[in-house]
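Colleague: Before anything else, here's the structure in question.
The values are calculated or read from the model by the stated rules, or taken from the named source; none is laboratory data. Computed from a predicted model, the values in this text were never measured in an experiment. All Cβ positions, even for glycine, are placed from backbone atoms using ideal geometry, and neighbour counts span all protein chains on display.
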Amino acid sequence: MYKILERKEIAMRNVWFKVYAPHVVKKLQPGQFVIVRAFENGERIPLTPVMWDKEEGWMGLVVFTRGKTTMQINTELKEGDYFLNIAGPLGNPAPMKKYGKILAIGLYTGIVEVFPIAKAWQEIGNEVHTLQVTFEPMIILKDELEKAVSKHTAVGVPIDPEKSFPENMKNVTAKAREVVRDMIKEINPDLVFMVGPVGDQKAIFEVVREFNVPMLVDLHPIMVDGTGMCGACRVTVGGKVRFACVDGPTFNAYEVDFDELIKRSSYYRDLEMRAMQEYMQ
Ligand code: FES
């Protein structure tokens, strides 16, 4: 059982939980994730700790409401409650090298995963520029990133109430492509790194490829065990089957079969929608 020391809504649909988990935090490195089960008979979901304190034994998780389980966590769990299980740290740490200039992009809550990696890259001597593109009320970690890296840019796209959510998301993608193109021209990065929905990763990769800049992506296919046993997280990279949980989550964007992953990621969308609607009734 993992006690919630603090709970705070930090933006629309984004809730911060400070959780006491000393044995997880002890070995945690930037780029690694945990698998959380909050409730009895509940779904296991992968989350990336955004920050942590090894001495005090806590880590910060930002849970974005995107389905039934995340909605249940964000509405039912309060300060003083417990997460049932937290497994981790899982996955490989992000490669900690001196690349030079790095543009690290987080779309929506992808910036949570970018934060510890970008901060660590800056600390070892890289010049890190971070970018979050999301809906206006969902901007997070702005102050923290401004302190942690060379330059942080947050772009909030207004939500058009006349349009559907997918239509609004297209505006975010279009804006992100435009800003990334401008930033690559301005910064001339040695590496681009990106975390976000896989469709957006493909859309941004297409821009980055025009400039022939190396690019890494953290992939988040559906995960179950997080230990390489179930096969749920398989992705094709460089023509080979890889498991994102044990071989990743960081991969060379130029080798990722994005189309296959986009298709696999949507397999359970109808079921996810139905589960959320039933929960809301
Ligand atoms: Fe089961 Fe990766 S989550 S193999």
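Colleague: Name every residue in segment 244-255 that is surrounded by fewer than 21 Cβ atoms within 10 Å (Cβ to Cβ) and either in the same structural domain as GLN29 (by TED's automatic domain parsing) or within 14 Å of the ligand (Cβ to nearest atom) (or both), in order of residue number.
Modeller: If the condition is that a residue be surrounded by fewer than 21 Cβ atoms within 10 Å (Cβ to Cβ) and either in the same structural domain as GLN29 (by TED's automatic domain parsing) or within 14 Å of the ligand (Cβ to nearest atom) (or both), then VAL246, ASP247, PHE251 are the ones that fit.
Colleague: Could you check how many residues of segment 190-242 are among the acidic types (Asp, Glu), within 11 Å of the ligand (Cβ to nearest atom) and crowded, with 19+ Cβ neighbours inside 10 Å?
Modeller: Count: 0.
Colleague: How do the pairs read when you match residues in segment 211-234 that are within 11 Å of VAL246 (Cα to Cα) and charged (D, E, K, R) with residues anywhere that are more than 7 Å from the ligand (Cβ to nearest atom) and at pLDDT 90 or above, using Cβ under 6 Å and keeping only pairs 6 or more apart or on different chains?
Modeller: ARG234/VAL241
Colleague: Let me ask something additional. Quick check on my filter: what residues within segment 70-80 are in contact (Cβ under 8 Å) with a residue 40 or more places away in the chain and either surrounded by 15 or more Cβ atoms within 10 Å (Cβ to Cβ) or in a strand (DSSP E or B) (or both)?
Modeller: Residues satisfying the conditions are MET71, GLN72, ILE73, ASN74, LEU77.
Colleague: Which numbered condition in (1) acidic (Asp, Glu); (2) at pLDDT 90 or above; (3) part of a loop (DSSP other than H, G, I, E, B) is the only one that ASP225 fails?
Modeller: Among (1) acidic (Asp, Glu); (2) at pLDDT 90 or above; (3) part of a loop (DSSP other than H, G, I, E, B), ASP225 violates only (2).
Colleague: Restricting attention to segment 228-261, report how many residues are hydrophobic (A, V, I, L, M, F, W, C) and in a helix (DSSP H, G or I).
Modeller: Selection size over segment 228-261: 6.
Colleague: OK, next. Restricting attention to segment 43-69, which residues are part of a loop (DSSP other than H, G, I, E, B) and over 29 Å from VAL149 (Cα atoms)?
Modeller: Within segment 43-69, GLU43, GLY67 qualify.
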